[in-house]
Amino acid sequence: MRQMPSADMVSLISFLAVLLIFFSIDVRSRESAASKSWQASFFEWASRLGGVATALSLTLGWVDLFLPDETSPIHVAFVAAPGSVGVLCAIMLGLEMLWQRRESP
């Protein structure tokens with residue numbers, strides 16, 4: 001995997017910060033009911049997993065931004081892997097919006 005230039009890393013960090021804001025709003029807007037359908041529980045955990053993965057990726061990217069490129073112990077894959085999990089969770093939550101829209105009258 002190639003090294004990521006600082007300008008690209010700043011763009012990625014900005015994207016992850018916006019994604020993290022999305023996950024924090026989504027988690028806070030969910031109601032905690034004892035008896036939920038499996039779909040509601042699945043999407044709630046997708047939101048939580050996405051938020052944690054995005055926070056991890058954002059933290060690693062931020063730390064990597066301030067380390068010298070040639071001696072950085074943080075590989076781009078360490079930022080890309082949890083970031084990809086966060087993006088996949090965001091896509092699943094987008095599908096949830098389509099699912100809810102179909103069920104609403």
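The values are calculated or read from the model by the stated rules, or taken from the named source; none is laboratory data. For clarity, every value in this text was computed on a predicted model and none was experimentally measured. With ideal geometry, Cβ positions are generated from the backbone for all residues, glycine too; neighbour counts draw on all protein chains shown. The accessibility values were calculated without ligands, DNA or RNA, using every heavy atom of the protein model including side chains. Shrake-Rupley method; radii C 1.70, N 1.55, O 1.52, S 1.80 Å.
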Exercise. Can you tell me which of Ser47, Ser84, Ser57 is among the small types (Gly, Ala, Ser), on the phi < 0 side of the Ramachandran plot and either at pLDDT below 85 or out of contact with any Ser or Thr (no Cβ under 9 Å at 6 or more places or on another chain) (or both)?
Worked result: Ser47
Exercise. Open to solvent by less than 40 Å² (accessible area, probe 1.4 Å), of a type outside the set (Gly, Ala, Ser), in a helix (DSSP H, G or I) and over 15 Å from Ala90 (Cβ atoms) - does that describe any residue in region 33-55?
Worked result: no
Problem set entry | Selected residue (criterion: surrounded by the fewest Cβ atoms within 10 Å (Cβ to Cβ)) from residues of region 86-97 that are aliphatic (A, V, I, L, M) and under 15 Å from Phe43 (Cβ atoms) | Met97
Exercise. Which ones in region 56-93 are in contact (Cβ under 8 Å) with a residue 12 or more places away in the chain and in a loop (DSSP other than H, G, I, E, B)?
Worked result: Asp69, Ile74, His75
